[in-house]
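Here is the structure we will look at.
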Amino acid sequence: MIRKFSIAVAGLTLAATSMAQAKWDLPTAYPATNYHTENITQFAKDVDAATGGKVKIAVHANASLFKAPEIKRAVQSGQAQAGEILLANFANENPIYALDGVPFVATTYPEAKKLYAASKPAIEKLLAAQGIKLLFMVPWAPQGIYTKKEIGSVADLRGIKWRAYSPATAKIAELVGAQPVQIQQAELSAAMATGVIESYMSSGSTGYDTKTYESLKNFYDTQAWIPKNAVLVNAKSFDALEATAKAGVLKAAADAEARGWKVAEEKNSEYKRLLTERGMKIHKPSPKLDADMRQVGGIMQADWLKVAGADGAAILDAYKKP
Ligand code: PCA
């Protein structure tokens, strides 16, 4: 009798531990020193504390576990329980994912926040249909153009080798007559050093992280759009947690989102200062370059609306409402 009882207790303890200890891998595509990754590392620590060690998250930086375009599928299939993606990279799955990557829709942090609020329910719904739960999103800095030679208009970009990180940045190349090459950030330094690319659009942080100043000397601060990274969790992995652990994860995620937006904005000017210190010329775009880029943006917004249809139009309307 006593024996039977202790076996039952042992069984219970085993079940309790397997439920109590979740180990999540969280691949990201950006270096450990980038503010997105630092924020995620803090999130992992907060989750550990908030769940009393019941959820352990291992952050794998710099595309070491999965390459940027593979991370979403890895989370979806449960190969990784969690992961960080650049949402606009997945434009081909659904145009809603690409809205924050369309030039000149949202170009300041308050606008980006508003666009996030307007598009979040639709994004959450799309991800949920793919078995993914959105934990939080954090913005990059407004996107500008890095070039080897100085430019005065988009005509100066014609024919040059242009690094694209998303379908939209490839489309820009096509519209301005540059030659797009898809390269993720983890391979960007090497691509510049070997002359595979001579220009690209991105943020000050990526220019700094990839030591762009060693290869390209000009940054045109076009402030064209503010893309966001999204931290995701496999819905089944999340649902398997006990209620208190779920609440702990969500609280840490909300804190990470608030912290991330604040740091992103603070670091925007800091990165430009660091780039200048390292020999990069930061230019305000000429009126012609600005007008040209806005024309590109206009074409891309119209294209986006065509593919995003009524759902897309509803999001844009909600965003534009004062
Ligand atoms: N940096 C990332 C995406 C957007 C950004 O600012 C990159 O260039 O890959």
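Each reported figure results from applying straightforward, stated rules to the coordinates on display, with no laboratory input. The structure displayed is predicted, hence computed values, not measured ones. Positions of Cβ are backbone-derived with ideal geometry, glycine not excepted, and every protein chain shown enters the neighbour counts.
Report the paramagnetic label zone for Ala129: residues of the range 70-95 whose backbone N is under 16 Å from a point 7 Å from Cα along the Cα-to-Cβ axis.
90-95
Let me know the volume per residue of the alpha-carbon convex hull for the chain, in Å³.
134 Å³
Near Lys148, which aspartates and glutamates are there with a Cα under 17 Å away, not counting those fewer than 8 places off in the same chain?
Leaving aside aspartates and glutamates fewer than 8 places away in the same chain, those within reach of Lys148 are Asp156, Glu198, Glu214, Asp221.
Please report, in Å, the Rg and the Dmax of the range 228-280, where both are computed over Cα atoms only.
Cα radius of gyration and Dmax of the range 228-280 are 17.1, 52 Å respectively.
Assuming a ≥ b ≥ c are the square roots of the Cα gyration tensor eigenvalues, decide whether the range 247-322 counts as rounded (a/c under 1.5), prolate (otherwise, with a/b larger than b/c) or oblate.
oblate
What number, rounded to the nearest 500 deg cm²/dmol, is the helix-based mean residue ellipticity at 222 nm of the chain, given -39500 (n - 2.57) per DSSP H run of at least four residues and division by all its residues?
For the chain, the value works out to -16500 deg cm²/dmol.
Pairs Lys114/Lys262; Lys133/Lys211; Lys161/Lys217: which exceed 26 Å Cα-Cα?
From Lys114/Lys262; Lys133/Lys211; Lys161/Lys217, over 26 Å: Lys133/Lys211.
I'd like the distance separating the alpha-carbon centroids of the range 124-141 and the range 38-110, in whole Å.
Taking the Cα centre of each part, the range 124-141 and the range 38-110 sit 8 Å apart.
Suppose each label sits 7 Å from its Cα in the direction of the beta carbon; what would the Ala240-Val181 distance come out to in nanometres?
So the two model labels end up 4.1 nm from each other.
Assign one of three labels to the range 140-199, namely rounded, prolate or oblate, based on the Cα gyration tensor with a ≥ b ≥ c the square roots of its eigenvalues; rounded applies when a/c is under 1.5, prolate when it is not and a/b is larger than b/c, and oblate otherwise.
Taking the square roots of the gyration eigenvalues as a ≥ b ≥ c, the range 140-199 is rounded.
How would you classify the range 185-322 from its alpha-carbon gyration tensor, with a ≥ b ≥ c the square roots of the eigenvalues: rounded for a/c under 1.5, else prolate if a/b is greater than b/c, otherwise oblate?
Oblate shape, in that a/c is at least 1.5 and b/c is the bigger or equal ratio.
Cross-link candidates for Lys56: which aspartates and glutamates have Cα within less than 17 Å, leaving aside residues fewer than 8 places away along the same chain?
Within the straight-line cut-off, Lys56 pairs with Asp25, Glu38, Asp46, Asp48, Glu84, Asp239, Glu242.
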